[in-house]
C-alpha cells in the first residue's frame, strides 16, 4: 500500500501525543484524523474509513478493549488493523496481551514510543495486508 493511499485514525486522550502523531504523519503525506475520547472517536468513525487505527487503552470514558470490540463489530472495520498503545506497565503481562488480541488488536506498543517505532509497526501491518 502506497503512503498516499494510507489514512489513519487515532483515539488518544493525551492531546500532545495525538497532535504530534498527526503532525508527523502529515509530514509523511498521510492523512490522520484524531479524537480525544472513546465516544468522540466512535462517533467520528461512523464516517471515517482509515487504513489503520491507533488506540490508547486507557481513556477517560471507555477502555481500549471495549472500544476495539465495538470497532471490530462494525462491518467497515472488521479487517482494519488496530494498534493498542499505553503508558501503563500493567499491560506487560501475557494474559493482558492475550486479552488485547482477543479484543481485536493487531499489535501493542508501550509508551514512551518514538514516532519512528510507531511508523515501523504501521508499515509492517500494512505490508501484511492492511485492509482486505
**OP:** Please give the length that would be gained between residue 44 and residue 5 if that part of the chain were fully extended, namely 0.36 nm times their separation in residues minus their C-alpha to C-alpha distance (nm, one decimal).
**Re:** 12.1 nm
Original post:
How high is the relative contact order of region 3-127, in percent, with contacts defined as C-alpha pairs under 8 Å that are six or more residues apart?
Top reply: 21 percent
**OP:** Within 10 Å of each residue's Cβ, count the other Cβ atoms and sort 25, 74 from fewest upward.
**Re:** 74, 25
**OP:** In whole angstrom, note down how far apart the Cα centers of region 1-49 and region 62-132 are.
**Re:** 14 Å
Subject >> P(r) weight above 26 Å for the chain, C-alpha pairs, percent >> reply: 12 percent
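Where a number appears in this text, it was derived from the coordinates with a stated rule and is not lab data. In this text the structure is predicted, and so the values were computed from the model without any measurement. Cβ coordinates were reconstructed from backbone atoms using ideal geometry, including for glycine residues, and neighbour counts include every protein chain displayed.
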